[in-house]
């Protein structure tokens, strides 16, 4: 992850070709504004959010795995299948 260049590179263990994704138009502050607005709309309308609790937990697991990988400079195993990773066991 290169925050200054606004790009993310994905590496898979059995794939020698990493995937690089650029987010040149990404505005970090707008992200938080959009999230807050969506939350307020959900509260006012009593509607379900786009990202539910299970998706949020999965996102957190990915972020913690990335943080661990950066800190240890090692590949961190991450289960792609949410059922095997404990989906539903919050």
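Among residues belonging to the range 42-54 that are loosely packed, with under 10 Cβ neighbours inside 10 Å and not in a loop (DSSP other than H, G, I, E, B), point out the one that is nearest to the chain's Cα centre (by Cα).
53
Considering each residue of the range 10-41, count those that are under 27 Å from residue 71 (Cβ atoms), without any contact (Cβ under 8 Å) to a residue 12 or more places away in the chain and not in a loop (DSSP other than H, G, I, E, B), and give that number.
Qualifying residue count for the region: 12.
Can you tell me which of (1) in contact (Cβ under 8 Å) with a residue 24 or more places away in the chain; (2) part of a helix (DSSP H, G or I) is the one residue 75 doesn't meet?
Status for residue 75: all satisfied but (2).
No value in this document is a laboratory result; all are computed from the given coordinates. These numbers were taken from a predicted model, which means no experiment stands behind them. Every residue, glycine as well, gets a Cβ built from its backbone with ideal geometry; the counts of neighbours run over all protein chains shown.
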